[in-house]
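Chemist: There's a structure below that I have some questions on.
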Amino acid sequence: MGWASPRLADKLSGMMGAFIDGLKAMPRRKDFFRFLWLTVVYWAINGFYFYFMGCAFGLEGTIDVAVAYAMMAAVAVGMMIPNSPANVGSFWYFLLLPMALYPKVEQTAAPMAFALAVWALMLAQYALFAGYYLVRGEESMKSLWSIQKEKLNDED
């Protein structure tokens, strides 16, 4: 890849190295396959969550299971690029992007309300998990800020 874009090749190489380092945390095969299984279960549940949320907003004729998984994949890819705080705007954009591929989509307020609800519930989930670890004292806001500063300095 270096011949096409050395900068992109360095970035991809760094990402792959970090991924491999993460896998090294699971030295036993049993741990790796458990991780793999839990990942599949997580993504399966997440895709159905998008589908059921769409149905709750009256989009059952618009969003089928395939569209829900396309939405989930688009959000996952979209969140890999630098975003605004709390992914405001970009989350909604990437969530609704696959709907443009399907002619059944009606241009009403329902898809945007759906996107806002999914975003708000996911944000609440993240806040609850973060709050749990902050309350337990396993992490502190000071340590989180120092990690963030280190990441910003590494990017420069």
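The values are calculated or read from the model by the stated rules, or taken from the named source; none is laboratory data. Here the structure is a predicted model, which is why all the values come from computation and not from measurement. Quick reminder, even Gly has a Cβ in these numbers, built from the backbone with ideal geometry, and neighbours come from all protein chains shown.
Chemist: Residue by residue through the range 57-88, note down the ones that are on the phi > 0 side of the Ramachandran plot and either among the charged types (D, E, K, R) or at pLDDT 85 or above (or both).
Modeler: Residue satisfying the conditions is Gly58 alone.
Chemist: Further, regarding this structure: I need the full set of residues from the range 107-129 which are assigned to a helix (DSSP H, G or I) and over 16 Å from the mean Cα position of the chain (by Cα), in order please.
Modeler: Ala110, Pro111, Met112, Ala113, Phe114, Leu128
Chemist: Give the range 63-87 a look and list any residue that's closer than 21 Å to Thr108 by Cβ and part of a loop (DSSP other than H, G, I, E, B), or say none.
Modeler: Hits for the range 63-87 are Ile63, Asp64.
Chemist: Also, quick follow-up: Let me spell it out: the conditions are (1) over 26 Å from Gln148 (Cβ atoms); (2) crowded, with 16+ Cβ neighbours inside 10 Å; (3) at pLDDT below 85, and Pro27 meets all of them except one. Which number is the exception?
Modeler: Answer for Pro27: the failing condition is (2).
Chemist: Here is a further query. Kindly check whether there is at least one residue in the range 132-142 that is in contact (Cβ under 8 Å) with a residue 24 or more places away in the chain and assigned to a helix (DSSP H, G or I).
Modeler: Checked the range 132-142: no residue is in contact (Cβ under 8 Å) with a residue 24 or more places away in the chain and assigned to a helix (DSSP H, G or I).
Chemist: Here are the criteria: (1) touching a Phe, Trp or Tyr at 6+ places or on another chain (Cβ under 8 Å); (2) farther than 30 Å from Met26 by Cβ; (3) surrounded by fewer than 12 Cβ atoms within 10 Å (Cβ to Cβ); (4) among the aliphatic types (A, V, I, L, M). Tell me which single one Ala109 does not satisfy.
Modeler: It is condition (1) that Ala109 fails.
Chemist: Could you say whether any residue in the range 61-83 is among the small types (Gly, Ala, Ser), in contact with a helix residue (DSSP H, G or I) (Cβ under 9 Å, 6 or more places away or on another chain), more than 23 Å from Tyr126 (Cα to Cα) and in contact (Cβ under 8 Å) with a residue 24 or more places away in the chain?
Modeler: Scanning the range 61-83, I find no residue that is among the small types (Gly, Ala, Ser), in contact with a helix residue (DSSP H, G or I) (Cβ under 9 Å, 6 or more places away or on another chain), more than 23 Å from Tyr126 (Cα to Cα) and in contact (Cβ under 8 Å) with a residue 24 or more places away in the chain, so the answer is no.
Chemist: Report whether or not Tyr49 is loosely packed, with under 12 Cβ neighbours inside 10 Å and within 27 Å of Phe19 (Cα to Cα).
Modeler: Here the answer is no, as Tyr49 does not meet what is asked.
Chemist: Residues Leu38, Leu96: which one is at pLDDT 85 or above, closer than 28 Å to Ile20 by Cα and assigned to a helix (DSSP H, G or I)?
Modeler: Testing whether each residue is at pLDDT 85 or above, closer than 28 Å to Ile20 by Cα and assigned to a helix (DSSP H, G or I) leaves just Leu38.
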